[in-house]
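The values are calculated or read from the model by the stated rules, or taken from the named source; none is laboratory data. Model, not experiment: these values are computed from the prediction. All Cβ positions, glycine included, derive from the backbone under ideal geometry; neighbour counts span all protein chains shown. Please note that ligands, DNA and RNA were not included when accessible areas were found on the heavy atoms of the full protein model with its side chains. Shrake-Rupley method; radii C 1.70, N 1.55, O 1.52, S 1.80 Å.
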Amino acid sequence: MSGLTATRQSGSQFNINIVRSGCDGGAETANYKGTLTNGFSTIPIQQSFPSIVTSGTSPNCNTFHWQNNVFLNIQHTGDGSGCVGNLITNPTTSYTILCGTIKAGLYVVYVNADYEANQDMGGYTLVAVI
């Protein structure tokens, strides 16, 4: 009797590099990446956000702390399928999310992290899934 082996297809990777202007115009960076694979509903994510963001000018710089929330929207441009949600996470971590079944087409991936006093850090990218 022969066994069957399931193999995972290679997916379409996305990488959102985020840069915001902090205190005295200094660059504060973040990165959010993952993989959308046709026929699968699990999406592996790696994120790296700063624990604190800043604003203002010296000597009156303000600091804003991570608020444990990342908003994610993955949406197929043809029919709107995908997933939307608020994720409670650490600033730098890896995890897997459950989404609707990914299918071929073009997706918009949008992410935004929350900090105190409505300071946010986000970005988006387009992903072609074949």
Using a Förster distance of 35 Å, the FRET efficiency for Thr77-Ile52 (Cβ separation, nearest 0.05): 0.50
How much accessible surface does Ser21 have with a 1.4 Å probe, in Å² rounded to 10? 80 Å²
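May I ask you to derive the FRET efficiency for Phe40 and Asn118 from their Cβ-Cβ distance with R0 = 41 Å, giving the value to the nearest 0.05?
Values: r = 35 Å, r/R0 = 0.85.
The pair Phe40/Asn118 has a calculated efficiency of 0.70.
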With P(r) over Cα pairs in 10 Å bins from 0, in percent defined as stated, name the option among (1) 12, 40, 26, 14, 6, 2, 1, 0; (2) 12, 46, 36, 6, 0; (3) 12, 43, 35, 10, 0 computed from the structure displayed. (1)
Between Thr101 and Asn62, how high is the FRET efficiency from 1/(1 + (r/R0)^6) when r is the Cβ-Cβ distance and R₀ = 41 Å? Nearest 0.05. 0.40
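Count charges around Ile18 for me, please; just the other residues with Cβ under 14 Å from its Cβ, Lys/Arg as +1, Asp/Glu as -1.
Details: positive: Arg20, Lys33; negative: Glu28, Asp114, Asp120.
Once all neighbours under 14 Å are counted, the net charge is -1.
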Averaged over all directions, how much area does the convex hull of the C-alpha atoms of segment 10-53 cover when projected, in nm²? 3.5 nm²
